[in-house]
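Report on one structure; see the data block that follows.
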Amino acid sequence: MSAAALYERPLRWLARWWESLAEHAGQLGLLVWATFSAAVRFRVSFREFVRQLQIMGMQSLPIVIVTAVLTGIVTSQQGGYQLTSTVPLYVVGSITVTSVVLELGPVLTAVVLVGRVGARITAELGTMVVSEQIDAYRSLGRDPLIILGAPRILAGLVVMPALAGLANLIGTISGMISAQMALDLGYETFLFGARLFWQSWDIFYSFMKAITFGFAIPVIAIHMGFRTRGGAEGVGRTTTDSVMFQLLTIFILDAMFPPLFLQ
Amino acid sequence: MTRPVTADPVIRYRNTHKAFKRPVLSGVDLGIYEGEMFALFGPSGTGKSVLLKTTIGLIVPDRGDVEVAGMSVYHGGRKVLESVREKVGYVFQHSALFDSMNVYRNVEMGLPAERLRRMQTSDVARAIWEALELVNLDPVEVMPILPAELSGGMKKRVGIARAIVGRPRILLWDEPTTGLDPVNTAAVERLIKGLAEELRVTSVLVTHDVEGALWMCGRVAMLEGGHIRFCGTPDEFQTEADPVVRAFVDRAAAEAALDVVEMT
């Protein structure tokens, strides 16, 4: 085998990978630009925006609340288990609030939204692609990025911080109740511990994360939905890929936050 | 109408190429004239729908161009494409109705956005009403219904109403009778012919229904191997000696045509 033939396959693979990356980047850029330009020119359908708020926000409330309650309980009880007889128990308040606000509230809410909203968006738009509804929008002179993409992205930017804020509050309260019941830690002692290491920057940090995730989830979901090809199987495959990309993106973005904003 | 009525085609495909892993269109040159009814035949997967979609920029050719009413779809910029899409109504193979919208909103989407913004609500409602009546649907009955509640034939009619509500100059039909029973097929064919005469539009049909198309159309063409293999009147089509064309006229010739295709 000649040297050229030896390098040909990896080079071809690399070229295809690079082409695919450039294609994704270009399409994502177009989607974000279409949303931004539609928003500043007030071309986003208010009715569709409100509908998306309802689907993404109101319909996600039960699962977000359950997740937040359980997160608060687990964090305070595990904190208590680790700290009993070593440090003052009021530190449980600090650990619970800090863990929920800085990490678990926004991240777990985002994971819930990926499963509930991100997958739904990709499957919905993917089905519209394979049933030619997206082509129909184009044939009628309408831009599907503006009609279908922009309201979902804007709704994500509103819904995610609201849900994460609620998850932070509920997680803190459930942690406090759980600490009282399991560790016999009074509410005032819990809140004393919480205030001891609290910084107002923490809540801002939490909302920054939530806004970032609230942008990333619908953008990736919409982008993948529009790329769907090949019937029902294609919709299934793209939805799975989309969920995987969304989760990966959330965890990577999450890992970037501490070095960028907590130094 | 059997002959072109104007010198310049209203739609012209110029050396149109498109490949999806393998070549589908390999330099199609074709002209369709104002006011005519034109049918495009061809074996499955030969790119008939692809060619139709290049007319309004739904699929972008790799090479070549398409001109609609003298405007270059691919070299004219966004404004030209918008203008072309206003002039053309497209009827999709499976209707492509918007699931989340009722029939009224679906048909309303057929009105160009700019025109819709300037229209009074009563005028919009009247236009939708007329379009639904033209396709023989009862507006009162169907307007509030979601597409999921309609039968296949009714979906087709709503799709047609959406395509004609903006009163386009050109109608593109992508396999309009696919999936319909013989009664609905005959009804839709009659509707297509009636609309073409009543609205005086140029119609281009992509279809497998040779019999129906020969009855409706003044000219037909056959796409095969990425090229236009035949273009002429229905009479010429029926007497054509080419075995591949014969296969579409006479089922008995199918085997001979298969041999020719395999050999080439």
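Things to note:
- Trypsin sites (Lys or Arg not before Pro) within the stretch A:9-60: DSSP coil, no more than 15 neighbouring Cβ in 10 Å: A:ARG41, A:ARG43
- The stretch A:125-249: C-alpha gyration tensor shape, a/c 1.5 cut-off, then a/b vs b/c: prolate
- Cβ-Cβ FRET estimate between B:ASP29 and A:GLN54, R0 fixed at 60 Å, reported to 0.05: 0.70
- Hydrodynamic radius (Kirkwood) for the stretch A:12-261, which is based on Cα pairs only, to one decimal in Å: 19.5
- Peptide packing: for A:94-107, B:19-32, the average count of neighbouring Cβ atoms within 10 Å per residue gives the ranking A:94-107, B:19-32, highest mean first.
- Projecting the Cα atoms of A:GLY149, A:THR189, A:PHE257 onto the dipole axis of chain A, where Lys and Arg carry +1 and Asp and Glu carry -1 at the beta carbon, places A:GLY149 farthest toward the positive end.
- The reciprocal of the average 1/r between distinct C-alpha atoms defines the Kirkwood hydrodynamic radius, which for the stretch B:9-232 equals 17.8 Å.
- Between 0 and 90°, nearest 10: helix B:182-199 axis offset from chain B longest Cα axis: 80
- Once backbone amide H atoms are built at 1.01 Å from N, B:ARG229 has B:MET222, B:LEU223, B:GLU224 as its partners under 5 Å, excluding neighbours fewer than 5 places away on the same chain.
- Summing Cβ point charges (Lys, Arg +1; Asp, Glu -1) relative to the Cα centre of chain A gives a dipole of roughly 620 debye.
- Built from the Cα atoms of the protein assembly as shown, the convex hull projects on average onto 34.0 nm², one quarter of its surface area.
- Other residues within the sphere of radius under 13 Å centred on the Cβ of B:GLY153, judged by their own Cβ, net out at +2 (K and R +1, D and E -1).
- Cβ-derived FRET efficiency at R0 25 Å, B:GLU149 paired with B:ALA125, nearest 0.05: 0.75
- Inter-label distance for A:VAL158 and A:VAL40, nm, one decimal - labels placed 7 Å from Cα along Cα-to-Cβ: 2.1
- 222 nm mean residue ellipticity, helices alone, for chain A (DSSP H n ≥ 4; -39,500 (n - 2.57); rounded to 500): -27500 deg cm²/dmol
- Electrostatic dipole magnitude of the stretch B:9-232 [Cβ: Lys, Arg +1; Asp, Glu -1; Cα centre; debye, to 20]: 780
- Every Cα-Cα pair of the stretch B:164-223 was included, and the share exceeding 12 Å stands at 67 percent.
- For B:LYS193, the aspartates and glutamates whose Cα comes closer than 17 Å to its Cα, not counting residues fewer than 8 places off in the same chain, are B:GLU34, B:GLU36, B:GLU133, B:ASP174, B:GLU175, B:ASP209, B:GLU211.
- Per-residue mean of C-beta atoms belonging to partner chains within 10 Å, peptide A:138-147: 6
- Summarising the overall dimensions of the stretch A:32-152 from its C-alpha atoms, the Rg and Dmax are 21.0, 71 angstrom.
- Think of the stretch B:9-232 as having a plus end and a minus end, set by charges on the Cβ of Lys, Arg, Asp and Glu; of B:PRO139, B:GLY76, B:ALA125, B:GLY76 sits farthest toward the positive end of this dipole.
- Rounded FRET efficiency, nearest 0.05, which uses the C-beta distance separating A:LEU61 from B:ARG63 and R0 of 45 Å: 0.25
- Helix screen, chain A: DSSP H segments with Cα axial length of 18 Å or more and mean Kyte-Doolittle hydropathy at least 1.0 are A:61-83, A:150-183, A:200-226.
- Reciprocal mean inverse distance between Cα atoms of the stretch B:57-120 - Kirkwood radius, Å: 13.8
Rule-based calculations on the coordinates, nothing more; no lab input. Remember, predicted model here, so these are calculated numbers, not experimental data. Quick reminder, even Gly has a Cβ in these numbers, built from the backbone with ideal geometry, and neighbours come from all protein chains shown.
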